[in-house]
Amino acid sequence: MLSIIQAAGWPIWPLIVCSVAALALVIERFVSLKTARIAPPKLLAEALLVSRDSVPVPDVVNQLSNNSLLGEVLASGLRALNNNPRCTEDDLRATMEGAGREVAHRMERYLSALATIASAAPLLGLLGTVIGMIEIFGAQSPSSGANPAQLAHGISVALYNTAFGLMVAIPSLIFWRYFRARVDAYLLTLELAAERFIRHLKTLRRLA
């Protein structure tokens with residue numbers, strides 16, 4: 001591996017930095033976008049059950065909020081009712097939509113960075129290719145002809161950087177699309193759960 005890096009020359013170092021950053025982002029997103037952290041399957045049913053007859057006490061609401069991102073959205077509606085039992089449906093909806101936008105932003109964190117790496121890596125590889133081609137043409141001398149060692153080095157710089165740029169870009173693009181689809185699915189789940197919970201909170205508001 002070290003010999004490849006040496007053969008590729010200095011243009012490969014930005015690509016190595018990009019590859020390390022992409023790997024770190026992929027691992028972080030895999031950990032952060034687990035279903036248990038976003039929308040546990042039974043959480044909505046549990047929240048409906050615990051608030052079946054009345055708004056839970058603040059300690060229970062805080063436990064719900066700390067459970068997951070879906071819990072935060074549901075807890076925001078319960079807090080709104082705790083603060084004002086007669087709040088309007090529009091107020092409830094606005095509160096939960098605000099909480100939903102906040103958790104959506106957190107789910108999308110670092111995805112733009114991963115997309116940037118997927119876009120920039122081929123360009124960095126192309127830069128290395130151009131530099132390699134410059135070295136190739138620089139090896140040509142009108143008087144003594146081509147310098148074989150310098151010519152071979154220029155070719156290696158061009159090919160290694162092109163290949164490494166694609167090796168970084170392709171997995172980054174695949175994972176970006178995967179996480180983008182995963183976030184979109186979670187957003188739909190949260191939206192449907194919040195809509196159902198708002199209907200439930202309307203019933204609690206009438207009972208208050």
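The values are calculated or read from the model by the stated rules, or taken from the named source; none is laboratory data. Since the model is a prediction, treat every value here as computed from it, not as a measurement. As a convention, Cβ positions derive from the backbone with ideal geometry for all residues, glycine included, and neighbour counts pool all protein chains shown.
What to note about this one:
- Within the range 176-208, if we keep just the residues that are of a type in the set (Lys, Arg) and free of Cβ contacts under 8 Å to residues at least 24 places away in the same chain, the residue that is surrounded by the most Cβ atoms within 10 Å (Cβ to Cβ) turns out to be Arg177.
- Odd one out for Pro85, checked against (1) within 21 Å of the chain's Cα centre (by Cα); (2) over 21 Å from Ser32 (Cα atoms): (1)
- None of Leu49, Leu70 is in a helix (DSSP H, G or I) and closer than 19 Å to Arg205 by Cα except Leu49.
- From the options Pro122, Pro148, Pro171, residue that is at pLDDT below 90 and either more than 19 Å from Glu28 (Cα to Cα) or under 25 Å from the mean Cα position of the chain (by Cα) (or both): Pro148
- Test set (1) assigned to a helix (DSSP H, G or I); (2) under 30 Å from Ala39 (Cα atoms); (3) at pLDDT below 95; (4) among the charged types (D, E, K, R) - Glu135 fails condition number: (2)
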